[in-house]
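Below is one structure, written out as structure tokens; the observations come after it.
The values are calculated or read from the model by the stated rules, or taken from the named source; none is laboratory data. All figures in this text were calculated on a predicted structure; none of them were measured in a lab. With ideal geometry, Cβ positions are generated from the backbone for all residues, glycine too; neighbour counts draw on all protein chains shown. In case anyone asks, the SASA skips ligands and DNA or RNA and just uses the protein heavy atoms, side chains included. Shrake-Rupley method; radii C 1.70, N 1.55, O 1.52, S 1.80 Å.
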Amino acid sequence: MAKDRVHLQIDQRGASSIDAYLEYKRIVGDDDGGVMFSPEQYEAYKKKVVPQRMKNRLFVSWIGSSGMDCKLVGPETMCFCNHRFRQHKTDFLKGIPDERPILLPCKEKGCPCQTYHYVPMTGSQQVRCSCKHFPDEHSVKQPYTCRKGSCKCTGFRSSYTCGCGEPAYSHITIVETKEERLARGHPVGQDTPYQAMGGITGFSSLMDGYMRLDPSGAGAPPIEFLDQPITATDHPFLRANVQSIKAHRKAIGMDDKIDKDLAERMSAMKKPGESDMEYYERRYQEKQKIQQKSSSSQSRQWAIEYGKKEN
């Protein structure tokens, strides 16, 4: 295998050329028809398209009933028609249409897709419909009926459950302007000259909504959650740095909250004459006790709530 490897050495001029080509593809996309523009054509294209693109950007996301952006669509995100978002109409040089919803038809020759429609992925493939068939076995026009002859499916409806806890069929793909997105209280990032950026506003946009801590996702955790004491059930990183966390809290004047972690700080230290095996066994037993206590407390709470419903 080592003999088959190819090591490329690129000088500064070559690296600059690669960066320039990547910039070109992000701006032009497939609008050149597969033949690169000349420098004059490229400059004319940018003068015509980029100002309107900066002004009329459309944000595309897949949202649940709570309004969370469970998926922010980017240039390479697949559509129900099996083409990527960048292969759909995303530039409106004459202004964004007044009709809602805003339709983003597929630009690929022969594709009847009337507007971009996101379908969640499981690994490298799109989810199946409840009829067990994939999206490419359904019509690309609403209501996306199944094209299999013997199938009685009347429309694509997947039983897939999103990370937010809601089924896929309770989500919708929305296309909104900058003003409409701001009205929902969601971030818009910076204006960009690149084509088909959709809902991408930063690196965090690549994560699912339930993992994002910005207003478009799950949001920042409450201060009570962040300030809760560190215990034996917490992540090893927190337990290993409990002394450093204590020193930091003391340095910023959080003396009243230092003693919350006292039990964990004392337990994290090896006792005199304690072997490594005894230390790790003691820590494991402490963790088990905390988990059992938490489980029994939760069970009592459920019993109380169930009793109220019965009455």
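Here are a few things to note about the model shown:
- Looking across region 6-62, not a single residue is open to solvent by 70 Å² or more (accessible area, probe 1.4 Å) and touching a helix residue (DSSP H, G or I) at 6+ places or on another chain (Cβ under 6 Å).
- Test: residue in region 222-230 that is in contact with an Asp or Glu (Cβ under 9 Å, 6 or more places away or on another chain), within 23 Å of Gln52 (Cβ to Cβ) and open to solvent by less than 80 Å² (accessible area, probe 1.4 Å): no
- Given (1) at pLDDT 80 or above; (2) open to solvent by 60 Å² or more (accessible area, probe 1.4 Å), index of the condition Lys246 fails: (1)
- Residues (without any contact (Cβ under 8 Å) to a residue 12 or more places away in the chain, assigned to a loop (DSSP other than H, G, I, E, B) and under 25 Å from the mean Cα position of the chain (by Cα)) located in region 124-161: Ser124, Phe134
- Ala251, sole failed condition from (1) aliphatic (A, V, I, L, M); (2) exposed (fewer than 12 other Cβ atoms within 10 Å of the Cβ); (3) in contact (Cβ under 8 Å) with a residue 40 or more places away in the chain: (3)
- Of all residues in region 259-280, none that is at pLDDT below 85 and exposed (fewer than 13 other Cβ atoms within 10 Å of the Cβ) has its Cβ atom under 6 Å from the Cβ atom of a residue that is assigned to a helix (DSSP H, G or I) and of a type in the set (A, V, I, L, M), 6 or more apart or on another chain.
- Residues that are open to solvent by 80 Å² or more (accessible area, probe 1.4 Å) and farther than 19 Å from Leu182 by Cα, drawn from region 205-216: Leu206, Tyr210, Met211
- You will find that of Gly202, Gly219, the residue that is loosely packed, with under 15 Cβ neighbours inside 10 Å, small (Gly, Ala, Ser) and within 30 Å of Lys287 (Cβ to Cβ) is Gly219 and no other.
- From the options Ile96, Ile27, Ile10, residue that is outside any helix (DSSP H, G or I) and either within 21 Å of Pro143 (Cα to Cα) or within 28 Å of the chain's Cα centre (by Cα) (or both): Ile96
- Just so you know, in region 99-123 the residues that are in a loop (DSSP other than H, G, I, E, B) and under 21 Å from the mean Cα position of the chain (by Cα) include one that is farthest from Glu180 (Cα to Cα), and it is Gly123.
- Criterion (at pLDDT 95 or above, of a type outside the set (S, T, N, Q) and within 12 Å of Ala196 (Cα to Cα)) met by exactly one of Phe92, Phe85: Phe85
- Residues within region 104-130 that are surrounded by fewer than 18 Cβ atoms within 10 Å (Cβ to Cβ) and farther than 20 Å from Cys70 by Cα, tallied: 9
- The residue of region 149-158 that is nearest to Arg100 (Cα to Cα), among those that are open to solvent by 90 Å² or more (accessible area, probe 1.4 Å) and polar (S, T, N, Q), is Thr154.
- Unmet criterion (only one of (1) open to solvent by 100 Å² or more (accessible area, probe 1.4 Å); (2) assigned to a helix (DSSP H, G or I); (3) under 24 Å from Cys106 (Cβ atoms)) for Lys3: (3)
- Top-ranked residue in region 281-295 [being among the hydroxyl-bearing types (Ser, Thr, Tyr) and exposed (fewer than 12 other Cβ atoms within 10 Å of the Cβ); ranked as modelled with the highest pLDDT]: Tyr284
- Residue within region 159-178 that is among the aromatic types (Phe, Trp, Tyr) and open to solvent by 60 Å² or more (accessible area, probe 1.4 Å) present: yes
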